[in-house]
4 protein chains.
Amino acid sequence: MNKLRGILLPTTTPFTDSEELDLNALADNIRKWRAAGISGFVMLGSTGERVHLEESEYLRTLEVARREIPSDGAFIAGVGQQSTRGTIAEIAKAVQCGADAVLVLTPHYYRAAITQEALVSHYTAVADASRVHVLLYSMPALTGIKIEPETTARLSEHPNIMGVKDSSNDVAGFAATVKLCPPEFAVLTGNGTVLLDTLRAGATGAILAVGCVVPRMCVEIFDAFNRGDEERASHLQAKLTPLAAAVTTRFGIGGLKAALDLADYRGGAVRAPLRAPDEAAGAEIATLLEAARAAL
Amino acid sequence: MNKLRGILLPTTTPFTDSEELDLNALADNIRKWRAAGISGFVMLGSTGERVHLEESEYLRTLEVARREIPSDGAFIAGVGQQSTRGTIAEIAKAVQCGADAVLVLTPHYYRAAITQEALVSHYTAVADASRVHVLLYSMPALTGIKIEPETTARLSEHPNIMGVKDSSNDVAGFAATVKLCPPEFAVLTGNGTVLLDTLRAGATGAILAVGCVVPRMCVEIFDAFNRGDEERASHLQAKLTPLAAAVTTRFGIGGLKAALDLADYRGGAVRAPLRAPDEAAGAEIATLLEAARAAL
Amino acid sequence: MNKLRGILLPTTTPFTDSEELDLNALADNIRKWRAAGISGFVMLGSTGERVHLEESEYLRTLEVARREIPSDGAFIAGVGQQSTRGTIAEIAKAVQCGADAVLVLTPHYYRAAITQEALVSHYTAVADASRVHVLLYSMPALTGIKIEPETTARLSEHPNIMGVKDSSNDVAGFAATVKLCPPEFAVLTGNGTVLLDTLRAGATGAILAVGCVVPRMCVEIFDAFNRGDEERASHLQAKLTPLAAAVTTRFGIGGLKAALDLADYRGGAVRAPLRAPDEAAGAEIATLLEAARAAL
Amino acid sequence: MNKLRGILLPTTTPFTDSEELDLNALADNIRKWRAAGISGFVMLGSTGERVHLEESEYLRTLEVARREIPSDGAFIAGVGQQSTRGTIAEIAKAVQCGADAVLVLTPHYYRAAITQEALVSHYTAVADASRVHVLLYSMPALTGIKIEPETTARLSEHPNIMGVKDSSNDVAGFAATVKLCPPEFAVLTGNGTVLLDTLRAGATGAILAVGCVVPRMCVEIFDAFNRGDEERASHLQAKLTPLAAAVTTRFGIGGLKAALDLADYRGGAVRAPLRAPDEAAGAEIATLLEAARAAL
């Protein structure tokens, strides 16, 4: 459980220019992130282009990542098929590759059918079957499905559900979730744009795509907040927010990978139909990155 | 090309009560649908719960369906991964199982990145690589992505793209698409609620989930329209519309399968988290089905 | 159990000239074989080039065959990986495709380790785990491993092991097996060259590659023997023996497929490195086939 | 090419007591072997229980091994399906996991069909299609198929075939192969029992299972021979021979893994139906290992 405190990274999956998996680049990145103070990783969630990988690529990626992450760090695999049984089967494979917890995306394709009641049934069945802890994943910007605070509260009673990653960008809903769940239940934000706001609302930690680019900055916001240095935290958050927006909602994974290349990580290519950002977007990312670094 | 005229069915995939694949039931259904005058089938699109099947189940289903459909009928496989390369690989496997064309869903997971420009690149690459004809598939209710008329028009120039299934429920957009595309390009509706409207707008045919339940009725609307019997067509459409809404947007695939069971087809179970309709919904479906049949 | 009486066929797997799977040809063959009085089939054993198929091809082939074979006929899937756990996993998949029993080849790659004791452990674990009945398969010409009569006798006590296919060409060993096993245990020969000899020794039936070419002839030998017409049985066996040798040990699966083409079945290509027989071999097969047919 | 000089190891694949893949143990072993002076590895050949792994386990194992072996070391993947097309497909996957060459076992299941002529066709097609260098693999004790010296000589002309691993234990045949092939063609022995004999016959190197247990001893024999110290080489070979026999032909992979455990490597379990050696065999292995070490 303590593994879910602080800043975790939802890692990208590097590809070569011909869109082949580049696991050496991933391993390099993980080593650098660890050197920057990051101990927890979520592999192959939305940021990791899970949906762009064949199953054998997915398993090879988990295997390699597992070997770069020491056993005292969190190694969480992103999973989430549309059917309950498919999700259960996928978790079993991720566990074989060493995942010590899973981040389970909501089903969403038949979205009209995915009521809060359906989510309770789905996650209960998944958590019953999983040999490792389950983390709920609410990502309405991509899926159109939100896990409501009351739903999270109901699911938090399941002994195998240990927390939620809330990427809704909705601070009020986040605060409600924290209030409704038991204190040992981990409520993490997935939006770098509201990191400080959610910490104030009671977040135990965060899983941040922008953290891949500026890991120390995210850690420092978390630490400053915890030692009561609101001024420092606010100052950094002001610079983090526009960068976080740029590498997520505005320019997507192409933007995030471009930022990684600028920050001396190995970003690499995205798989089509995703694209690298155009020149103007690239220049803006560079400016925002420089500003963020200067603040640190 | 002529295979794309008239009424085609997007078949459901039957499961047993324990959610196992029931290919005998599928074969029974296909024989009945053929006896009802249907010659074209789209397997494993949205209606076929493609996203609920493992890859080997997907291939086995295509294989069995292919064997029930004579070579003069249309046998179209639903495909569509999130990445361009994944989609190309999936098409190659569907072709090995005998698909003579593919219905290619838009990528949609990273929806902000799926611009009309990205769709042009994606479908062009897919059509270049596919050994069989490609049919575009615009299904905004599930994906959040619409293929605009101008985009369809650009893609209609590709020699390997033969048509589009438009499930947008937008008759004006449908009419615009027909006008912008060459006459030999097939523009089919996927919405039974607007079948007659789209025929008036120039549809060459339709791929209708409600057609699985009342195939003769859909065929008769198509035929009545073509022989100029607007009155008959309108009379039937009035009864088709509420049934079509019930077995698609209102009660989803659970509703459609319940309707199939009522209509002496083999509906069977859905895979969780989907559910069968509750009693009230079931009663309503029964009423609408009876009314539709009485009109025919 | 009664399904294991009489003549069963170990079917070939047809390929096109480019070595692609040709399941239409397989379905045609099965229909013809059924019309010739065959009700039991063993799919994808040695004769079926199991080792030349990818897993998805294996599953698709089982699925198609299952649909051509009525439920009162025997539908037995050939299985047999080198490890016990791999064999158990393979059986589970074959059962999903409708197999109502499995023919389990001995492990053999690490042949020095495959003692009779190891076979007892292996088959016991496999039979414990299998949801369908298990048939042992002793095929020393290909594997170098023979299941000895005493071993078969020990395994015949397992409630889920229903019989053995003995392709050792060793009539004395066959007779010993029959004597040592309980009467309800099925002992079948896999060698057409000794069909009549093994019937005399107590065979309940046979699984014969040569039966794919001359099914009626094999059935007639079985029937003649059972009605006490030794003369007819001997007369036919004399013609069957050289043909059986030609399409198995002498010219292999290439020879068998060539004979099928000559006999108006769909033989098709073999996958490399196997080859079609050369001209002289082809001529000899034709002569032997004609002689066999003339005798019938 | 120079990577094929000296002693290479055909690594074992460690399993836990419940027969699950243990890739941490494999990585530990590789690090130790490298510290002992070994720079080349053949993964997942016969010694690596390739036939006991599912495809995804095979790929994960290659991926992990690749990461432990520096790019100046040889990283050769064991491959070899029964069909030519299956072998070609398998090589493509191994290359994706980073193999820089492949050791291709002879097809053997339909052994009567695997003539020397068939081997020439098979290996030529495989080498034409492979993106990395091909090493022939003659292992008659397991396969019943031997690649004759003349056949190797014909294949040595193919620009993509760089050598042969000859595990026939036949020194005269080995010498004939060396004479018939061009000097830059690598002829390696796979039998520790005849290491020195084959070096005298012109071996460029060796791929030795016993080398997993006593890597320094094998390297020292190679080095002593090359610096002309026949006495030292002979002295060590005398102790290596009985140990090599014990961990290969006599007690198999179970014996080899037991020896690894004794030698402070991570042997681990074998997958059933293989077994660990019994107590007497274990004691004998310990004695032979001690004697070998004392000689060094």
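The values are calculated or read from the model by the stated rules, or taken from the named source; none is laboratory data. Note that the coordinates shown come from a computational prediction; the quantities given were computed from them, not determined experimentally. Every residue, glycine as well, gets a Cβ built from its backbone with ideal geometry; the counts of neighbours run over all protein chains shown. Heavy atoms of the whole protein, side chains included, go into the accessibility calculation; ligands, DNA and RNA do not. Shrake-Rupley method; radii C 1.70, N 1.55, O 1.52, S 1.80 Å.
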From a point 7 Å beyond the Cα of D:Leu296 in the direction of its Cβ, which residues of region D:207-231 have a backbone N at a distance under 15 Å?
D:208-224
Return one whole number: the accessible area per residue of the protein assembly as shown in Å², for a 1.4 Å probe.
36 Å²
With an 8 Å cut-off on Cα pairs and a minimum separation of 6 or more residues, tell me the relative contact order of region A:111-174 in percent.
38 percent
Largest-first ranking of C:Ser234, B:Ser18, B:Ser130 by accessible area, probe 1.4 Å, whole protein assembly kept, is B:Ser18, C:Ser234, B:Ser130
Exposure of C:Glu148 as accessible area (Å², to 10), given a probe of 1.4 Å and all protein chains
70 Å²
Would region C:70-200 count as rounded, prolate or oblate if I go by the C-alpha gyration tensor, calling it rounded below 1.5 in a/c and otherwise prolate when a/b exceeds b/c, oblate otherwise?
oblate
Heavy-atom accessible surface, probe 1.4 Å, ligands and DNA/RNA ignored: which residues of region B:102-123 lose at least 40 Å² versus the isolated chain?
B:Tyr109, B:Tyr110, B:Arg111
How big, in percent, is the set of alpha carbon pairs in region C:39-106 lying more than 14 Å apart?
52 percent
Convex hull per residue volume in Å³, alpha carbons only, for chain D
117 Å³
Counting only residues 5 or more apart in sequence or on a different chain, those whose built amide H sits under 5 Å from that of D:Tyr137 are D:Val104, D:Thr106, D:Lys165
Mind listing P(r) for the protein assembly as shown? All alpha-carbon pairs, 10 Å bins, whole percents.
2, 9, 16, 19, 20, 17, 11, 5, 1, 0, 0
Test item: Cα-centred dipole of the protein assembly as shown, Lys/Arg +1 and Asp/Glu -1 on Cβ, debye:
0 debye
Counting only protein heavy atoms and leaving out ligands, DNA and RNA, the solvent-accessible surface of C:Val95 at a 1.4 Å probe, in Å² to the nearest 10, equals 30 Å²
Solvent exposure ordering (accessible area, 1.4 Å, most first) of D:Glu220, C:Glu20:
C:Glu20, D:Glu220
At a probe size of 1.4 Å, how large is the accessible area of D:Arg111, to the nearest 10 Å²?
60 Å²
Could you work out how far apart the two model spin labels at D:Glu148 and A:Thr115 are, taking each label as a point 7 Å from the Cα in the direction of the beta carbon, and quote it in nm?
7.6 nm
So how far apart, in nm, are the two label points at D:Glu230 and C:Ala286 if each is 7 Å from Cα heading toward Cβ?
6.3 nm
What does the charge count around C:Cys97 come to, taking other residues whose C-beta lies under 9 Å from its C-beta (Lys +1, Arg +1, Asp -1, Glu -1)?
+3
Quick one: compute the contact order of chain D, relative version, from alpha carbon pairs under 8 angstrom and 6+ residues apart, as a percent.
18 percent
Ellipticity estimate at 222 nm from DSSP helix runs (n ≥ 4, -39,500 (n - 2.57)) divided over chain C, nearest 500:
-14500 deg cm²/dmol
Before anything else, pin down the relative contact order of region B:1-75: Cα pairs under 8 Å, at least 6 apart, normalised by residue count, whole percent.
40 percent
Among the listed pairs B:Lys32/B:Lys165; D:Lys93/D:Lys179; C:Lys165/C:Lys257, those beyond 26 Å (Cα-Cα)
D:Lys93/D:Lys179
Using the C-alpha gyration tensor of region A:17-61, what are the square roots of 5 times its eigenvalues, in whole angstrom, with the largest one first?
21, 13, 9
From phi via Karplus (6.51, -1.76, 1.60), per-residue ³J(HN,Hα) for region D:47-64 in Hz, x at Gly/Pro
5, x, 6, 3, 6, 9, 9, 5, 4, 5, 5, 4, 5, 5, 5, 4, 4, 5
Can you list the HN-Hα couplings for region C:260-275, worked out from phi with the Karplus curve (6.51, -1.76, 1.60; θ = phi - 60°), rounded to whole Hz and with x for Gly and Pro?
4, 4, 5, 8, 6, 9, 9, x, x, 7, 9, 8, 4, x, 5, 9
With a 1.4 Å probe and all protein chains kept in place, how do B:Glu290, B:Glu68 rank by accessible area, largest first?
B:Glu290, B:Glu68
Treating only the Cβ of Lys, Arg, Asp and Glu as charged (+1, +1, -1, -1), what charge dipole size does region A:171-296 show about its Cα centre? Round to the nearest 20 debye.
280 debye
B:Gly78's amide H: which non-local residues (gap 5+, or another chain) put their own amide H closer than 5 Å, with H modeled 1.01 Å from N in plane and none for Pro or chain starts?
B:Met43, B:Leu44, B:Gly45, B:Leu103
Need one number: buried accessible surface between chains B and A, 1.4 Å probe, both sides summed, DNA, RNA and ligands left out, in Å² to 100.
2900 Å²
Here the whole-number average of other chain Cβ atoms within 10 Å per Cβ of A:90-97 is 1
Measure out, as a whole number of angstrom, how far apart the alpha-carbon centroids of region A:155-187 and region C:144-203 sit.
64 Å
Inter-chain shielding of A:76-84 (mean C-beta neighbours from other protein chains, 10 Å cut-off)
3
Derived scalar couplings ³J(HN,Hα) [region A:17-22; Karplus, 6.51 cos²θ - 1.76 cosθ + 1.60; whole Hz; x for Gly, Pro]
4, 8, 6, 7, 4, 10
At 25 °C in a medium of viscosity 0.890 mPa s, region A:173-296 has a Stokes-Einstein diffusion coefficient, with Rh taken as the Kirkwood radius over alpha carbon pairs, in µm² per second, of 163 µm²/s
Nearest-0.05 FRET efficiency for D:Lys93 and D:Lys32 at R0 = 35 Å, using Cβ-Cβ distance, is 0.80
Using a 1.4 angstrom probe on heavy atoms only, work out the carbon and sulfur share of the accessible area of chain A in %.
51 percent
